[in-house]
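Quick notes on the structure that follows.
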Amino acid sequence: MESPREDAEDYYGDGPGDSWDEREMDDSRLSGDLPVDASWSDIYDDGGGPSYSGTDPSNSSEAPPIENTLSAGGSLGDHLIWQLGLSARNERERILGLMVIDAIDDNGYLSQSLESLAQTSRATVDEIEDVLTLIQSFEPSGVGARNLAECLLLQLKAEGLAKPPYTELLKHLEDLARRDFRKLTRVLKLTEEQLAECLSVIQTLNPKPGLLFGSEQAAYIVPDVFVRKQSGKWVVEINPDTVPRLRINRRYQEAIGGRISTQDRKYLVENSRAAQWLIKSLEQRASTIVRVATSIVQFQKDFLDSGPEALRPLILKDVADDIGVHESTISRVTNNKYMHTPRGIFELKFFFSSSLSSDSGDTHSSEAVKFKIRKLVESEPPRHPFSDEKLVQLLLEQGITVARRTVAKYREALSIPSSARRKRLGD
């Protein structure tokens, strides 16, 4: 993990060459132009931190909730082993069960064949199959399946729905993936209404039941700046929780002014200057983040007012020229930094995008075009979804000229499947 000093040097170049030993802080003090009324290591004391606004963002109703505690859930394997301990009839069944559980992947599927497991454990295939049947009765429903059809069938059994037409539909998953509803109605001898009802049940099932469990903690994004409207203007404020509030131990001043040797005094002064440089560098870093975010907000205020469709093209050079720094500084400042707005939390890099021209001579942000594509797909007829070529035509009607391959690229970036895979039954 990058230290505060290393991070500050990334932005502002090399600092003093001498380092300091935090163990000496209890016996030292600092003279200079910084406040000295708090402990060096006390970053939670009131005051002393950089201030960029008279408003405390943490008190705002727009501030995101802060999760103070987070407990990690058990893994899928742990959950299955616990159930096995309650269900195994004897020690051999428990041992074989542990081996089968070990062969279940994170998605909940059995990753090895019964023959391979039997050979490894020196058991018969029938024994392994019996143990697998036991594990397939565990939660979550569908765990231990060898393929998608079996996974869905296990869930239907748990719901008491393992009967036609649902079980018959599972035999035609390839046709279902191709959205070949005409063939499905013919083969299954169902009306479109009956098939639609059947599909609605299948869609409630989980194709990857193992993903319900995990041992990793969720990662929460902490925004670096808050953006809110005050008196009709958009205002940027630093998130105080992201700015270390460092100050120097008062004992440093006392030690430097005390009766110590010249060598000791020189050592304390050098270290106090290094500490002052670090604190000022962190303050400058926070100030730069606010300046960059403020510039971005000025360029993208239409987005804040009207939404994604109003996102304008923006490049690093635009912001660099606006605040008078190099483009590389903008690139570093916006990397892994987030802005909290009334429209959600966005990485600062989100606001930078290339431009596409229109027939009227106006330019459109690529992100805005992606948003328009999503809106068009959301409004398309269920039975006849728009092809990429059709999307090109619809965008052209809105004055946006874009190639079909670009539409395909944007659609894939939005995780929107092809028109053939979007086809569905409906009114």
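Table: residues versus (1) assigned to a helix (DSSP H, G or I); (2) more than 30 Å from L376 (Cβ to Cβ); (3) among the β-branched types (V, I, T); (4) not assigned by TED's automatic domain parsing to the domain that holds K370.
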residue: I289; (1), (2), (3), (4): yes, yes, yes, yes
residue: V292; (1), (2), (3), (4): yes, yes, yes, yes
residue: I296; (1), (2), (3), (4): yes, no, yes, yes
residue: F303; (1), (2), (3), (4): yes, no, no, yes
residue: R312; (1), (2), (3), (4): no, no, no, yes
residue: K317; (1), (2), (3), (4): yes, yes, no, yes
residue: I330; (1), (2), (3), (4): yes, yes, yes, yes
message: Criterion first (within 21 Å of P382 (Cβ to Cβ) and either modelled with pLDDT of 90 or more or outside the structural domain of S137 (by TED's automatic domain parsing) (or both)) does L205 satisfy it?
response: yes
task: Check the stretch 384-397 and report whether any residue there is outside any strand (DSSP E or B), in contact (Cβ under 8 Å) with a residue 40 or more places away in the chain and not hydrophobic (A, V, I, L, M, F, W, C).
output: no
- prompt: How many of the residues in the stretch 160-185 are under 17 Å from A196 (Cβ atoms), basic (K, R) and part of a loop (DSSP other than H, G, I, E, B)?
  reply: 2
message: So D322 passes all but one of these: (1) among the acidic types (D, E); (2) over 22 Å from K349 (Cα atoms); (3) in contact (Cβ under 8 Å) with a residue 12 or more places away in the chain. Which condition number does it fail?
response: (2)
- prompt: Of all residues in the stretch 255-282 being among the β-branched types (V, I, T) and over 48 Å from the mean Cα position of the chain (by Cα), which is nearest to R245 (Cα to Cα)?
  reply: I256
message: Against the definition (closer than 30 Å to D78 by Cα, in a helix (DSSP H, G or I), of a type outside the set (D, E, K, R) and modelled with pLDDT of 85 or more), how does L211 come out, yes or no?
response: yes
Unique match (being within 22 Å of I400 (Cβ to Cβ), without any contact (Cβ under 8 Å) to a residue 40 or more places away in the chain, buried (at least 16 other Cβ atoms within 10 Å of the Cβ) and not β-branched (V, I, T)) among F350, F346, F303: F350
query: Is it the case that E91 is touching a Leu at 6+ places or on another chain (Cβ under 9 Å) and assigned by TED's automatic domain parsing to the domain that holds G210?
result: no
message: So if I check each of S295, S287, S306, which one is modelled with pLDDT of 90 or more and either of a type in the set (K, R) or under 18 Å from F346 (Cβ atoms) (or both)?
response: S295
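The values are calculated or read from the model by the stated rules, or taken from the named source; none is laboratory data. Everything quoted here is computed from the prediction, not taken from an experiment. Neighbour counts are summed over all protein chains in view; Cβ atoms, including those assigned to glycine, are modelled from backbone coordinates with ideal geometry.
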